[in-house]
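To keep things clear, I will list the structure first and then write my remarks on it.
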Amino acid sequence: MRSRPRWDQPSFESMFYTRLVCGLCSTVHDRSVLQSVCKKCGRPLLAQYDLESVSKYVSKPELKTRQPSLWRYRELLPLPLDLEPVTLCEGWTPLMPAPTLARSLGIKQLLIKDESRNPTATFKARGMSVAVSMAKCFGVKAIAAPSAGNAAGALAAYAARAGIEAHLFLPKDTPRANLIECRVMGAEVNLVEGLITECGLEAARRCATEGWFDLSTLKEPFRLEGKKTLGYELAEQLDWQLPDVILYPTGGGTGLIGMCKAFDEMQQLGWINTKRPRMVCVQASGCCPLVSAFESGAQFATEYKHVSTKAFGLRVPKALGDFLILQAIRRSHGTAIAVPDEEMMESATEIGTAEGVFSSPEGAACHSALKNLLNSGWIKTDETIVLFNTGSGLKYLDSL
Ligand SMILES: *Cc1c(COP(=O)(O)O)cnc(C)c1O
Ligand SMILES: [Zn+2]
C-alpha cells in the first residue's frame with residue numbers, strides 16, 4: 001500500500017502513465033518531476049502508457065457508463081488516479097451530422113465535431129484542463145503562456161479554477177473577446193508587439209526571471225494529452241469505426257498530433273482496427289508554413305514571414321512540433337492545404353445558414369478545404385468526412 005497522495009507530492013507509482021520520451025531523439029525523461037522540452041534536443045516530450053494493463057482494466061462498454069467529459073479516459077491521461085482534476089466539464093462535445101451541408105456538397109456523410117461547446121468556447125480547454133491539473137499536481141504556483149487568444153482565455157479559466165496565477169502574453173491586435181475574458185478570469189494580460197512567436201520569446205524571458213512555469217504549446221507534454229482525447233471521443237462516438245477523412249485547422253498542431261497519438265494507442269489497446277483516417281492539415285493562405293513544408297517534402301517547416309490572417313488560431317509562423325505534424329499527415333496518407341480568409345468567411349456563413357452552427361474562421365476553413373479537395377477528386381463523395389469546428393464564432397465578432 002502506498003501512502004495517500006498529496007498535491008505537492010505526486011506519486012506516479014501504480015499508474016498506467018509510465019514514460020516520458022522525446023518525440024525526435026527518443027531520450028527518456030523522468031516523469032516524476034515537472035518537465036518541459038527534451039533536455040538533449042529541445043523538442044516536445046510525449047507521454048507513454050502501459051496500454052496492455054489499461055486494456056485489462058478498462059473496457060469499451062465500461063467507458064459508456066462514465067462522465068461526459070474528457071476525464072472519462074482517465075487511465076489514458078497522466079494525472080495520478082487519486083487526484084481530482086482541475087475541470088470545468090470539458091470535452092465529450094457533440095459529433096453532429098451536417099445533412100444540409102452534405103447535400104449541397106454532393107457527399108454522403110459529413111459530420112461536425114463541434115468544439116465550440118467547450119468551456120471558454122474553444123477546444124483549447126481540453127489541453128489546459130490536463131496541463132493545469134498536472135502543473136497543480138507538481139505544486140506550480142504561477143503559470144505563463146504566449147497565445148494568439150484562445151489558449152490564453154482557456155488558461156486564464158483553468159488557472160483561476162486551480163488557484164494558480166496566470167501571466168499571459170498576447171499580440172496587440174488580439175480580439176477583444178479574448179482580452180476581456182482573460183482579465184475577468186483574473187489573469188495578468190501582457191500585450192506584445194508582433195505575433196505569437198514574439199509573445200513566446202517574451203514569455204520565456206519572464207519565466208526565466210520570475211520562476212513561472214511555461215505552458216507554451218508543446219513546451220510541456222500535457223496539453224497534447226488533453227487534445228488527444230479528440231481522437232478517443234471521435235472513435236467512441238462513431239462506435240469505434242474511424243472516418244475516412246478528418247479536416248483539422250492546424251496552428252501549433254497539438255490536435256492533429258494528439259489525435260494520431262490516440263489512434264496509435266487505441267490500436268494497441270485493441271479498441272480499433274488498423275483503418276486510419278487521412279488527416280488533412282488546413283491552414284490559412286496568410287500563414288501556411290506546414291503546407292509549404294508538406295509540399296516540398298521537408299521534415300521540418302521554416303518560419304513563415306509576412307503573416308496575415310483573421311483566423312487567429314492559425315497565426316503560428318513556426319511550430320515546435322512541426323516534424324510530428326508532418327509525420328502524422330504523411331503516415332496517414334493525408335495532405336495539407338491553405339485557404340484564403342475570404343473563403344473562410346464565406347464558409348462560416350454557409351455552415352451557419354445550412355446547419356445553425358456559428359463556427360470560428362478556423363473551423364470554417366475546413367469547409368473551404370473540403371470544397372477544394374472534392375473539386376480536385378482527392379476526397380470522394382462516398383467517403384465519411386469529419387470537420388472540426390474548433391471554436392465559436394462569438395469570439396470573432398470583429399472579423400466576421
Ligand atoms: C489554437 C486553435 C487552432 C489550432 O490548434 P492546434 O491544435 O494548436 O493546431 C485552431 N482553431 C482554433 C479556434 C484555435 O484556437
Ligand atoms: Zn530529444
query: Which condition number does Glu115 fail, the rest of (1) more than 16 Å from ligand 1 (Cβ to nearest atom); (2) within 25 Å of Pro249 (Cβ to Cβ); (3) of a type in the set (Asp, Glu) being met?
result: (1)
- request: Might you let me know whether region 143-165 holds any residue that is open to solvent by 30 Å² or more (accessible area, probe 1.4 Å) and under 17 Å from Gly226 (Cα atoms)?
  value: yes
- prompt: Do you know which residues across region 69-98 are out of contact with any helix residue (DSSP H, G or I) (no Cβ under 7 Å at 6 or more places or on another chain) and open to solvent by less than 70 Å² (accessible area, probe 1.4 Å)?
  reply: Ser69, Trp71, Arg74, Met96
message: Looking at region 288-299, can you tell me whether even one residue there is farther than 25 Å from Ser55 by Cα, assigned to a loop (DSSP other than H, G, I, E, B), open to solvent by 10 Å² or more (accessible area, probe 1.4 Å) and hydroxyl-bearing (Ser, Thr, Tyr)?
response: no
query: Residues of region 333-367 being free of Cβ contacts under 8 Å to residues at least 40 places away in the same chain and crowded, with 17+ Cβ neighbours inside 10 Å, which ones?
result: Glu343, Ser347, Ala364
message: With the structure loaded, tell me whether Val140 is hydrophobic (A, V, I, L, M, F, W, C) and under 28 Å from Gly393 (Cβ atoms) or whether it fails that test.
response: no
query: Do we find that Arg66 is charged (D, E, K, R), out of contact with any strand residue (DSSP E or B) (no Cβ under 9 Å at 6 or more places or on another chain), open to solvent by less than 60 Å² (accessible area, probe 1.4 Å) and more than 14 Å from ligand 2 (Cβ to nearest atom) in this structure?
result: yes
task: For Ala262, state whether it is open to solvent by less than 10 Å² (accessible area, probe 1.4 Å), at pLDDT 95 or above and small (Gly, Ala, Ser).
output: yes
Which numbered condition Leu45 fails, given (1) crowded, with 21+ Cβ neighbours inside 10 Å; (2) more than 16 Å from ligand 2 (Cβ to nearest atom): (2)
Odd one out for Leu242, checked against (1) more than 16 Å from Ile112 (Cα to Cα); (2) in a loop (DSSP other than H, G, I, E, B): (1)
task: Report yes if some residue within region 29-39 is of a type in the set (Val, Ile, Thr), within 16 Å of ligand 2 (Cβ to nearest atom) and surrounded by 14 or more Cβ atoms within 10 Å (Cβ to Cβ); otherwise report no.
output: yes
- prompt: Considering only residues of region 166-224 that are in a strand (DSSP E or B) and under 22 Å from Ser392 (Cβ atoms), which is most open to solvent (accessible area, probe 1.4 Å)?
  reply: Val189
- request: Return yes or no: is Ser55 of a type in the set (Gly, Ala, Ser), away from ligand 1 (no atom under 16 Å from the Cβ) and touching a residue at least 40 places away in the same chain (Cβ under 8 Å)?
  value: yes
statement: The residue from Lys275, Lys261 that alone is touching a residue at least 12 places away in the same chain (Cβ under 8 Å) and either assigned to a loop (DSSP other than H, G, I, E, B) or polar (S, T, N, Q) (or both) is Lys275
field: Considering residues of region 120-136 that are within 13 Å of Trp71 (Cβ to Cβ) and not hydrophobic (A, V, I, L, M, F, W, C) only, the residue nearest to the chain's Cα centre (by Cα)
entry: Arg126
message: of a type outside the set (Val, Ile, Thr) and within 17 Å of Leu110 (Cβ to Cβ): is that true of Ala369 in this structure?
response: yes
query: Where residues in region 105-138 are assigned to a loop (DSSP other than H, G, I, E, B) and open to solvent by 20 Å² or more (accessible area, probe 1.4 Å), which of them is nearest to Leu234 (Cα to Cα)?
result: Lys108
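The values are calculated or read from the model by the stated rules, or taken from the named source; none is laboratory data. Owing to the predicted nature of the structure, the values given are computational and were not obtained by experimental measurement. Every residue, glycine among them, receives a Cβ derived from its backbone with ideal geometry; neighbour counts consider all protein chains shown. To get the accessible areas, we keep the full protein, side chains included, count just its heavy atoms, and leave off ligands, DNA and RNA. Shrake-Rupley method; radii C 1.70, N 1.55, O 1.52, S 1.80 Å.
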